[in-house]
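What follows is a single structure, written as structure tokens, with notes after it.
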Amino acid sequence: MELAEGLRRNPVPFLKNPKNGAYYLRVTGIAVNQQAVPIPPRALDLDVRRGTGGVTLSTVDPYTALRPDIYRALLSAFDAATSGIPRVTPPAKPFEMCYQASALGTTRLGFAVANIDLGLDGGPRTAATTGRCPAAARWCK
């Protein structure tokens, strides 16, 4: 089932941050190639009393910002899942991993790399396959 169809059938509830009025998604976990990334329990939760934490998705910001413990766990999982793809060293700043674009296969969605999936509130469903534009990596020539 396609993502848009899944969201039409079972919409994702938004949470409103009382401190800044922004809308958040309740993300229950992160997976790389369907393998759960080990993060602390409730690490992605929005604390509605204090207005801290939580997950927002931006259509404006070109990068993803993660808490350091979550970022390191995701980076490690993505690095392991893409270990067979040649890296460019040193990577382009501000990225920590940079891949040789000529070594990457392609799919109809973009480069063939590891998928990063977000588990959303309401059950074991995937928010989006974001592996085509991971937070921790950049494709290089």
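The values are calculated or read from the model by the stated rules, or taken from the named source; none is laboratory data. Just so we're clear, the structure is a prediction, and the values are computed from it rather than from any experiment. Cβ atoms come from the backbone with ideal geometry, glycine included; neighbour counts cover every protein chain shown.
Looking at PRO62, PRO90, PRO94, just one residue is at pLDDT 90 or above, of a type outside the set (Ser, Thr, Tyr), in a loop (DSSP other than H, G, I, E, B) and out of contact with any helix residue (DSSP H, G or I) (no Cβ under 7 Å at 6 or more places or on another chain), and that residue is PRO90. Would you check if ARG50 is under 14 Å from the mean Cα position of the chain (by Cα), more than 27 Å from ALA101 (Cβ to Cβ) and modelled with pLDDT under 90? No; evaluated as a whole, the condition is false for this residue. Scanning the range 99-110 for residues that are surrounded by fewer than 18 Cβ atoms within 10 Å (Cβ to Cβ), not β-branched (Val, Ile, Thr) and not in a loop (DSSP other than H, G, I, E, B) returns GLN100, ALA101, SER102, ALA103, GLY110. Listed by first and then second residue, the pairs with beta-carbon distance under 7 Å, at least 6 apart or on different chains, first residue in the range 7-35 and without any contact (Cβ under 8 Å) to a residue 60 or more places away in the chain and assigned to a loop (DSSP other than H, G, I, E, B), second surrounded by 14 or more Cβ atoms within 10 Å (Cβ to Cβ) and of a type in the set (Gly, Ala, Ser), are ASN17/GLY51; ASN17/GLY54; PRO18/GLY51; LYS19/GLY51; ASN20/GLY51. Tell me whether the range 78-85 contains one or more residues that are surrounded by 13 or more Cβ atoms within 10 Å (Cβ to Cβ), in contact (Cβ under 8 Å) with a residue 12 or more places away in the chain and part of a loop (DSSP other than H, G, I, E, B). Yes, that holds for at least one residue.
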